[in-house]
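Beneath this line is the structure, given in structure tokens, with notes to follow.
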Amino acid sequence: MTSLDTIVALAKRRGFIYPGSELYGGITGFWDYGPLGTELKKNIKSEWWRSMVQLREDVVGLDAAIIMNPGVWEASGHTKAFADPLVECKVCHKRFRADKQEEIDSHGATHDKPEWTDPKQFNLLTEVYLGVTEPKQKVYLRGEITQGVFVNFRNVVDSTRIKIPFGIAQIGKAFRNEITPGNFTFRSREFEQMELEFFVKNDDQEGDKWYQYWKAERMKWYVSLGMDKGNLRFRDHRDDERAHYARHATDIEYNAPFGWSEFEGIHHRGDYDLGNHKLTYRDEAANEEYTPWVIETSGGVDRAALFFLLEAYKEEEKRVVLKLHPRLAPMKVAVFPLVANKDNITAKAQEVHAMLKAKFMTAWDARGNIGKRYLAQDEAGTPMCVTIDYTTLEDDTVTVRDRDTMKQDRVNISKLIEFIDGRLL
Ligand code: GAP
């Protein structure tokens, strides 16, 4: 199994992910995405949006503000119940999550006789202060992106023709003052979520039907983008670990180097949220008004990016290759002039580069020899490399080298876009 350290090193070396504020000594729980990481995350989000919104007739999108009236967080129960149990070691005063036994155990090994305080509930909402006059207004950075959807439920119903059952999809940043951020980006204090809130009739059969439906859909999506089924599993929450809003909850977990780990939750939230916000739905056809139930799918973009990287990383005999699904690969194609010192080859390669970059994220490399350029693109996960050589000048064909098979095809430049498109499905 690929170690986490291997991925951390690759992420830094190739420009996927850097430690946040590194120049000033870093800041725990925050990460910056470099040129390739930005593309990877963007591709994960656009694949998600395509499958959850674009291809469906029963889901619409939303982009709500990060900061909301604090009354939202009172009504949603987050100011009281959005908390993890915290214990402190009385000897060294380090703080840990009481429900993460492995963290407690590994601290136990760092010094003699740790002594623990009783667990107390530690609220994860991040406070910020707004305004120009004192006292400033205390507000919160959103702890889940979800509440922005609920408070706009009526706006969406009134401004579209959508009817229950339907969903509202959203992608955006969330913030949690995590007690112990760690495992690289896995537990961060700032992260991105991609969520669907799906509204159904307040009926056991409907609730169960859609809960099962979305569980299956979400698992299928990860497999369709290249995750091995053997590295994925569902884990139902026990009664004592479910979030305050959930009637039923299951996690999609990945077989990570630090153990099976959640990266998406499917939650049956019942009427908890719309009930708290005193929102109802009027079904004109049936002439009835009721509080809809909510089935939620809540994925972490950063955790998905980390697990797609872990899944894609392969060490082969003579190379390291990231076998990312072509739709997730940051760069789709790289263009090389065979030699850098022949003006006619460079000019032709620049022409091909200009043509391809209008259509795909395209890299250019004229340094070193072709072998080294292939190795660099393999590590970046680029599915195809196009080389312009002496034959190109004669017959307008280029070689296209495939990342996974390392096989080369000779393709006419007039057919190149079509050829590449066909390999990005
Ligand atoms: N709206 C429901 C909700 O927020 P959650 O299980 O608390 O549910 C959903 O979070 C997903 O958000 C998780 O499965 C994970 O992928 C991501 N997530 C949560 N906390 C995170 C953290 N501290 N760092 C990175 N991702 C996190």
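Work out which helices of the chain, taken as complete DSSP H runs, extend at least 20 Å along their axis over the Cα atoms and score a mean Kyte-Doolittle of 0.0 or more, then list them.
For the chain, where a helix must reach 20 Å along its axis and average at least 0.0, there are no hits.
Over all directions, what mean area does the Cα convex hull of the stretch 35-152 project, stated in square nanometres?
Seen from a random direction, the Cα hull of the stretch 35-152 projects 12.5 nm² on average.
Is the stretch 141-227 best put as rounded, prolate or oblate by its Cα gyration tensor, with a ≥ b ≥ c the root eigenvalues, rounded for a/c under 1.5, and otherwise prolate when a/b is larger than b/c, oblate when not?
oblate
Return the long-range amide H neighbours of residue 189 (sequence gap of 5 or more, or a different chain), with a cut-off of under 5 Å between placed amide H atoms.
Placed amide hydrogens put 30 under 5 Å from residue 189.
Taking the alpha carbon gyration tensor of the stretch 235-324, what are the square roots of 5 times its eigenvalues, largest first, to the nearest whole Å?
With the √(5λ) rule applied to the stretch 235-324, the semi-axes are 40, 16, 9 Å.
Net charge within 12 Å of residue 175 by Cβ-Cβ distance, Lys/Arg positive one each and Asp/Glu negative one each, not counting residue 175 itself?
That works out to -1.
Can you work out the accessible area per residue across the chain, with the rest of the protein chains kept in place, probe 1.4 Å, in square angstrom?
That works out to 48 Å² per residue.
For every helix of n ≥ 4 consecutive DSSP H residues, a contribution of -39,500 (n - 2.57) applies; sum these over the chain, divide by its total residues, and give [θ] at 222 nm rounded to the nearest 500 deg cm²/dmol.
-9000 deg cm²/dmol
Using the scaling law 2.2 N^0.38 Å as the reference, what is the normalised Cα Rg of the chain?
On the way: Rg = 25.0 Å, N = 425, 2.2 N^0.38 = 21.9 Å.
So the chain has a normalised radius of gyration of 1.14.
Looking at the stretch 1-57, which trypsin sites (Lys or Arg not before Pro) are DSSP coil and have at most 15 other C-beta atoms within 10 Å of their C-beta?
On the way: sites: 12, 13, 14, 41, 42, 45, 50, 56; in loops: 56.
Hits after loop and neighbour filter: 56.
Loop only per DSSP, at most 16 neighbouring Cβ atoms within 10 Å: give me the GluC sites (Glu not before Pro) in the stretch 53-113, ordered by residue number.
Here the GluC sites (Glu not before Pro) that fit, given the DSSP loop and packing criteria, are 57.
GNM, the chain, Cα, under 10 Å: largest mean-square fluctuation among 258, 184, 30?
Of the options given, 258 has the highest mean-square fluctuation.
Give me the Å³ per residue figure for the convex hull around the C-alpha atoms of the stretch 289-424.
Residue-normalised Cα hull volume stands at 140 Å³.
If you rank 76, 106 by how much accessible surface each has, with a 1.4 Å probe, what is the order from largest down?
106, 76
Mind checking which lysines have their Cα closer than 16 Å to the Cα of residue 215? Skip sequence neighbours fewer than 8 apart in that chain.
Excluding near neighbours in sequence, the set is 229.
Using a 1.4 Å probe on the protein chains only, how many percent of the accessible area of the chain belongs to carbon and sulfur?
Solvent-exposed carbon and sulfur of the chain make up 49 percent of the total.
Residue farthest toward the positive end of the dipole of the chain, with Cβ of Lys/Arg at +1 and Asp/Glu at -1: which of 162, 2, 339?
So the residue furthest toward the plus end is 339.
The values are calculated or read from the model by the stated rules, or taken from the named source; none is laboratory data. Fair warning: this is a prediction, and the values are worked out from it, not measured in the lab. Cβ sites come from the backbone with ideal geometry, for glycine too, and all protein chains shown count toward neighbours. Surface areas here come from the heavy atoms of the whole protein model, side chains and all, with no ligands, DNA or RNA. Shrake-Rupley method; radii C 1.70, N 1.55, O 1.52, S 1.80 Å.
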